[in-house]
Amino acid sequence: MARKEEAYDPALVQQYMDSLYIKDAELERIKASIRENSMPEISVEDSYGKLLSLLVKISGAKKLLEIGALGGYSGLCLLRGLEGEGSLTSLELKQEFADVAHANLKQAGFKGRVEYRIGEALTTLQELENEGRTFDFFFIDADKGNYPNYLEWAIRLANPGAVIVGDNLVMRGRIFKAESTSPSVQAMKRFNEMMAADSRLEGVLLPAYDGLAIARVKTKSND
């Protein structure tokens, strides 16, 4: 008879994996600046930040777009993945948040590599389309109620084979509350379904931390 394996706590696995890495001084400085400016401490998890850098590097992306800048943590992770030329366009609702993020990225050595657009992201995305802008890599980490809309825009603005990443898939567990009628929860469920099964995409949903979705926009030859 096969021996039954003991169950383990996934949180302990995450803690163990995280403990193997040395803390990144520059990213820790950014997290400290977020606290000092009384901003929400909701940056992407450290391990997922490393994954962002790796995905940008592996994909060869040069033109990056993030929806939700906060204090610049994810922006730095994205920019670190660039090899040679490349830049980040960052959409942020609040000017004060963008100012903190911009200062942090300049201090990290990325002056001139990031452009901030302030205001409602859906309006800015329309402006970018009107300008003929397209991108190789998208990171979505903003208001959850608009995630499906942001995904549609990412697909519209995507260069062939572009990568789309979205954070906070389970919304700290709110996604599992069957009785929830919250528009943001329903929107996130729709986003997850699209990332998993939309015929224009090929991707995966990662369950660790608060969940992360990764998808590649199919080229015509893949359709």
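What follows draws every value from the coordinates through simple rules; no lab data is involved. The shown structure was predicted, so the numbers you read here are calculated from the model rather than taken from an experiment. Cβ: placed from backbone, ideal geometry, glycine included. Neighbour counts: every protein chain shown.
In terms of surrounding Cβ atoms within a 10 Å radius of their Cβ, Val170, Val100 rank from fewest to most as Val170, Val100.
Sorted ascending by nearby beta carbons within 10 Å, beginning with the fewest, Leu78, Leu212, Leu27 become Leu27, Leu212, Leu78. Where the alpha-carbon atoms of the chain are placed on the principal axes, they occupy 64, 43, 37 Å, in descending order.
Counted by neighbouring Cβ atoms within 10 Å, the residues Phe137, Phe110 run from fewest to most as Phe110, Phe137.
Identify, among Phe191, Pro40, Leu201, the residue whose Cα sits farthest towards the positive end of the charge dipole of the chain, taking +1 on the Cβ of Lys and Arg and -1 on the Cβ of Asp and Glu, with the dipole about the Cα centre. Going by the Cα projections, it comes out as Leu201. Go ahead and set up a Gaussian network model of the chain, Cα springs under 10 Å, then flag whichever of Asn37, Asn146, Asn159 fluctuates most. Judging by the Gaussian network model, the answer is Asn37. A Cβ-based charge dipole, computed about the Cα centre of the chain with Lys and Arg at +1 and Asp and Glu at -1, lands at about 320 debye. Backbone N atoms of the range 149-182 closer than 11 Å to the 7 Å Cα→Cβ label point of Leu205 belong to residues 169-171, 175-176. Pop the C-beta distance of Ser87 and Glu6 into the FRET formula with R0 = 41 Å and round what comes out to the nearest 0.05. With a Förster radius of 41 Å, E is 0.25. Taking 14 Å as the cut-off, the amide N atoms of the range 191-215 that come nearer than this to a point 7 Å along the Cα-to-beta-carbon line of Phe176 belong to 207-211. The Rg/Rh ratio of the range 1-122, with both radii computed over alpha carbons and Rh defined as the Kirkwood radius, is 1.09.
Across the range 120-136, rounded Karplus estimates of 3J(HN,Hα) from the backbone phi angles (6.51 cos²θ - 1.76 cosθ + 1.60, θ = phi - 60°) give 4, 4, 4, 5, 5, 4, 5, 4, 5, 5, 4, 7, x, 7, 9, 9, 9 Hz, Gly and Pro being marked x.
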